[in-house]
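First up is the structure itself, then whatever we jot down about it.
The values are calculated or read from the model by the stated rules, or taken from the named source; none is laboratory data. For clarity, every value in this text was computed on a predicted model and none was experimentally measured. Heads up, the Cβs are rebuilt from the backbone with ideal geometry, glycines too, and the neighbour counts pull from every protein chain shown. For the accessible areas, the whole protein counts, side chains as well, though only heavy atoms, and no ligand, DNA or RNA atoms are used. Shrake-Rupley method; radii C 1.70, N 1.55, O 1.52, S 1.80 Å.
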Amino acid sequence: MALMIYDTRRKQKVAFKPINSGNISMYVCGVTVYDLCHLGHARCYVAFDVIHRWLESSGYDVNYIQNFTDIDDKIILRANEKGVDFLELVEENINAYFEDMDALNILRADQYPRCTEYVEQMISITEDLIAKNHAYVTNDGVYFHVESAPEKYGVLTGQNIDAVLGGAGGRVSKTGEGKRDHKDFALWKLAKKGEPSWPSPWGDGRPGWHIECTAMSMDHLGEQFDIHGGGHDLRFPHHEAEIFQGECHTGKSPVVNYWLHNGFVNMDGEKMSKSLGNFWTIRDIIAKIDPLVLRFALINAQYRSPIDMNEKLLHDAEKNHQKLLDSYKLALDSWDNIEENKLRRLPEPNLSSSEPLSHSLGLIEKFAEEFALAMDDDFNTRVAVTKTMSIVREVNRLLNSDLDEEDCKSVGFFAVELFEQQAGKVLGLLPTREQISIMNEESIEVKMRKEEISDEVEELLNQRTKARDEKNWSEADQIRDKLTEMGVVVTDTAEGPVWDLS
RNA sequence: GCACGGAUAGCAAAGCUUGGCCAUGCCGGGGAUUGCAAAUCCUCUUACCUGGGUUCAAAUCCCAGUCCGUGCUCCA
């Protein structure tokens, strides 16, 4: 079994080989912290979280770096609008970022460097690029000269070096007054009056956007590293700029072995964006639905495919996720926390066995193997999820069949282990056992309400049971309707009726 | 204009590199279980954008075309 990864630079799936066997260096472009995160950010960081989790599960030690862009035009603008210092705005949004990502069950990266902490390194790289004639100084800053390394143009997007101007029209010349060529990009911007700035050999100013990721990734991961990720839109110009800067600075190529880019979230077929006003913040959504349901919806697609977000998609995700959760809970209940060495040994999983239990276990084992194959095939979470759902079906079938109690406990244990490994540890879709027991515990308000109506409900249920014993179905249903009006759901079980608040 | 990606059943979406079997879930129909519900399981209908070609065999390969999205400007 070998991990294959789609590399944007080579435009194909290639076998994955880390620079240092056993260790993986991974850098993912973080957010510019001028506002709350929206669904697009959620998609990106959930995608790379699953990649992170799968690499760790495969036995690699991953050094995962994700930056914060804590200075740029939008931050300055927003801070001015709000009348606060830009650092205050940055701090606020970083805190909000972690709250959102924690809710989505995203594991923390190893480091979260902020670009303002790397100004020194950025200046040093810029100086070197000037010395090597890859960059030049103008009256408004320092620019990278793209024509100084034409062979690196378009390596991620396949764009022709001369063709870009045509489509971009007049727009490209609007920024960077001092540029010699429309393709060049800023390494250092001299400050305008009142803007936050840092001293540099070229005057007070701030770094260009692209140089920060080069400085931070190089500082943490070295001059060449394994994986660099980010949104699809960052391929150009951001990541191509990083290739120019990094490779011209170090003279080594490639700076990154595997470029990974996640697909976008669309709304009704159009890209979700702030300018179109068709975006949902993470908060908007998780106020209404379980964050793990949102996570399910985002994982229920291969990371490179676009996702068209809508209510139906969330509804499907909710149904699926609930089904998974119910099956996991059923397995937990069936297992009943019996110590492993006290469980009866299950028969060997064997697909070709005529013995039903052995055959079922064989089927589950096959799905579990296919799950791993899917994850190894460029992190195909969509297929991994379908394999999980197939396991759900098989586990439900087994645990609802006429297994004897001892087998039931063992199968429950087997299923719990598998769910927790794949749906839990790898996909991050399961709450912890503690969270489940808290979910099962009722809040004070619920308890009080139940206490309040308990006598009345019990009385009605007795009447209903009596009516049912007499096969007086219409009265039984009338009583249930009455209970429904009170907000009470009745479920008939083999042990008699059970009720709960709806 | 140039570049990149896409078009699969009522809906969402895998499969395409390495041609032949099967996705998966939601919605809907039928059934088992239940007095009826809920949950669970079984089962069914409806597919591979169009036109050619290659092949015993094409969703998959080749050629041509149509439509859609994204990037080329701050973006995950």
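For a quick check of your reading of the filter: which GluC sites (Glu not before Pro) in the stretch A:368-470 sit in a DSSP loop and have no more than 14 other Cβ atoms within 10 Å?
A:E441, A:E442, A:E470
Just want to confirm a number: the relative contact order over chain A, from Cα pairs under 8 angstrom separated by 6+ residues, in percent.
This gives 15 percent for chain A.
To the nearest 0.05, how large is the calculated FRET efficiency for A:H359 and A:S305 if R₀ is 41 Å and r is the Cβ-Cβ distance? Each step should come with its number before you reach the end.
Working: r = 35 Å, r/R0 = 0.85.
Rounded to the nearest 0.05, the efficiency is 0.75.
For a test of the definition: using alpha carbon positions, the gyration tensor, and the 1.5 limit on a/c, classify the stretch A:444-501 as rounded, prolate or oblate.
Since a/c reaches 1.5 and a/b is larger than b/c, the shape of the stretch A:444-501 is classed as prolate.
Could you tell me whether chain A comes out rounded, prolate or oblate from its Cα gyration tensor? Rule is a ≥ b ≥ c as square roots of the eigenvalues, rounded for a/c under 1.5, then prolate if a/b exceeds b/c, otherwise oblate.
Details: a/c = 2.90, a/b = 1.90, b/c = 1.53.
The shape class here is prolate.
At a 1.4 Å probe, what is the % contribution of carbon and sulfur to the accessible area of chain A?
Ligands and nucleic acids excluded, carbon and sulfur give 48 percent.
Assuming 0.36 nm per residue, please report the length gained on full extension of the stretch A:R180 to A:E451 beyond their Cα-Cα distance.
89.8 nm
Could you name the lysines whose alpha carbon sits less than 26 Å from that of A:K482, not counting residues in the same chain fewer than 8 places away?
Within the straight-line limit of under 26 Å, A:K482 reaches these lysines: A:K447, A:K450, A:K466, A:K471.
Under unit Cβ charges (Lys, Arg +1; Asp, Glu -1), what dipole magnitude, rounded to 20 debye, does chain A have relative to its Cα centre? Spell out each step's value before the answer.
Values: 55 positive and 86 negative charges, 416 e Å.
So the dipole magnitude of chain A works out to roughly 2000 debye.
Assuming R0 = 56 Å, what is the FRET efficiency of A:E470 and A:I338, from their Cβ-Cβ distance, to the nearest 0.05?
Here the calculated transfer efficiency is 0.85.
If you count only protein heavy atoms with a 1.4 Å probe, what accessible area per residue comes out for the stretch A:310-440, rounded to a whole Å²?
Result: 51 Å² per residue.
Per DSSP H run of n ≥ 4, the term is -39500 (n - 2.57); total these for chain A, divide by its residue number, and report the mean residue ellipticity at 222 nm rounded to 500 deg cm²/dmol.
Counting only the DSSP helices, I get -15000 deg cm²/dmol.
How many nm separate the modelled label positions at A:E459 and A:I289, each set 7 Å beyond the Cα in the direction of the Cβ?
Label-label distance for A:E459 and A:I289, simple model: 4.2 nm.
Please sort through the DSSP H helices of chain A and keep those with an alpha-carbon extent of at least 27 Å along the long axis and a Kyte-Doolittle average not below 0.0.
Qualifying helices: A:356-376.
A:K183: which lysines have alpha carbons under 20 Å from its alpha carbon, excluding same-chain residues fewer than 8 sequence positions away?
A:K132, A:K152, A:K174
Let me confirm the definition first: pairs of Lys residues in the stretch A:310-440, 8 or more apart or on different chains, C-alpha distance under 16 Å. How many are there? The partial results should precede the final answer.
On the way: A:K319/A:K329; A:K323/A:K387; A:K329/A:K409; A:K342/A:K409; A:K366/A:K387; A:K387/A:K425.
The result is 6.
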